[in-house]
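Quick note: the coordinates plus some simple rules give every number you see, no bench work behind them. Quantities reported herein were computed from a predicted structural model and do not represent experimental measurements. Every residue, glycine as well, gets a Cβ built from its backbone with ideal geometry; the counts of neighbours run over all protein chains shown.
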Amino acid sequence: MILRETERKDVKGERIIKIASSFYYVSADAPVHQLLAELKEPYGYAVAVVDESLRVKGIVIPEELVEMLGKPFGRDLLQRQSVSDIMRPARIFPYDEYTQAIRERIRADLNRDESSHYLLVDESGEFRGHFSSRDVLIHAMSDHERELATATTIQSRLVKPYVAVRNERISITCSSVMAQGVGGDYYFVREYQPGKWFFCLCDISGKGIAAAIITAVLSGFFYNADFDEDVDVLVRRLNRIILDTFQLEKYLTGFFAKFSEKTGLFEYCDMGHSWFFVVEANTAQQISPEADNVPIGLVDDPPVNTRYLRFEPGMAIMLISDGIVEQENRAKEPFPVAEAGRIISESLQRGEDLVRAKIRILESFFSFKQDMPQHDDISFLIFHYFA
């Protein structure tokens, strides 16, 4: 046997040796025909060529040997050659270098169709392993999947599938169903003083890890916010954080509101969202088809228009994300928002908890779209004032 494997090094941390795909080496003076006899398909690895001290002299790519065999007199030629005659120079890296650092150094190779091959050596220059650009890409994909899974877990803790609160005067039910693992919708509800409430529904631009980061920023902001401040002050403060952090690369639309159970005063800022409905007469009436303000994170210190409503006992409102109104069925028809209003009205007339309305709205939505893909996140907040 002329084809051998080097001892595998045990290291800690994200080191390049951990993604090495093979550890085969052969002596430089070994006959090529003998190497060919020992190689096995599929040829997914390269073979290091070393001297008697295991120091790297070059590299042999099995696929290239197969190509040589296919040429006229290729087999006869290889029968008379040693490995050193057919090896080519190898790009070499320390076996304990960080994977991310290597990824940056071979970035150009990662965009090529064919695989590039590299050898790893230890402090004394001895061969320790082989990796390819394909190995790096697979590792990068696995890294991304792990990061996305972490982001999904974090976001699911911050944006729960549903939240319901109820007391003697109000009922608030929120729900969110992400279209992908990490979506762009966010809602928040808090009673910051007895009988005083703050809530919001936001739609973050984009999906994925960036959306999860903004979700975490929003949660951190609202966790420490002073809700005794006016809504427009809170919104301006949030706008500054998003603008400074993401530098116009990300933004969000949102509806932000405060409500007093004692007075029935509803104070709100519509920041580019506009999907705000009053539920009455077994339907949902949109308050305004256009938002009063620009989205958060797009303008430095924007003017913020605040509106006020006085809720009468029995009044119900609904906030939704655009994933609901933009969803189409097989006939290319949009989901009828009025259907959600009808369901909420019927639940209130029956004296049911709004959680039942939430369930029926989702049932209606998924029955409507059937096997059509859910293109965007669907989120809504239902608010009912008893007295």
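Figures for the structure shown
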read-out	value
Angstrom value of the Kirkwood radius, inverse mean 1/r, which spans all Cα pairs in segment 159-385	17.8
Student exercise, the chain dipole from Lys, Arg, Asp, Glu Cβ charges, in Debye to nearest 20	500
Of Leu119, Ser132, Val83, farthest towards positive along the dipole that unit charges on Lys, Arg, Asp, Glu beta carbons give segment 4-141	Ser132
Angle between the chain longest axis and helix 337-349 axis [Cα atoms, degrees, rounded to 10]	50
Eligible lysines near Lys258 by straight Cα distance, threshold 16 Å, same-chain separation 8 or greater	Lys196
Ranked Ser116, Ser347, criterion: other C-beta atoms within 10 Å, fewest first	Ser116, Ser347
Crossing angle, helix 208-224 versus the chain [Cα axis fit, 0-90 degrees, rounded to tens]	40
Local electrostatic count at Gly272 - Lys and Arg +1, Asp and Glu -1, tallied over other residues with Cβ under 10 Å	-4
Cβ-Cβ FRET estimate between Thr150 and Asp51, R0 fixed at 51 Å, reported to 0.05	0.65
Listed residues Phe199, Phe386, Ile19: farthest to the positive end of the dipole of the chain (Cβ charges)	Phe386
Two-site label geometry, Lys262 and Gln193: point separation in nm, points 7 Å out along Cα→Cβ	0.7
Glu352 versus Arg88: modelled label distance in nm, points set 7 Å from Cα along the beta carbon direction	7.0
Between segment 91-165 and segment 304-320, the Cα center-to-center distance that results, in Å	50
Estimated dipole of segment 238-348 in Debye, rounded to 20 [Cβ of Lys and Arg +1, of Asp and Glu -1, Cα centre]	200
Hits among lysines - C-alpha to C-alpha of Lys250 under 24 Å, sequence gap 8 or more where chains match	Lys160, Lys207
Relative contact order (%) - criterion: Cα under 8 Å, at least six apart; region: the chain	14
Rounded FRET efficiency, nearest 0.05, which uses the C-beta distance separating Val299 from Ile359 and R0 of 45 Å	0.70
Radius ratio Rg over Rh of the chain, counting only Cα atoms, Kirkwood formula for Rh	1.23
Assigned charges on the beta-carbon of Lys, Arg, Asp, Glu; segment 159-385 dipole about Cα centre (debye)	540
Under Karplus coefficients 6.51, -1.76 and 1.60, residue-wise ³J(HN,Hα) of segment 141-146 in Hz, glycine/proline x	5, 5, 4, 4, 5, 5
Two-site FRET efficiency, Phe366 against Glu104, from Cβ-Cβ distance with R₀ of 51 Å, rounded to 0.05	0.70
Gain upon complete extension [Glu97, Asn329; 0.36 nm per residue less C-alpha separation]	78.3 nm
Peptides 99-112, 232-245, 159-172, 371-384 ordered by average Cβ neighbours within 10 Å, highest first	371-384, 232-245, 159-172, 99-112
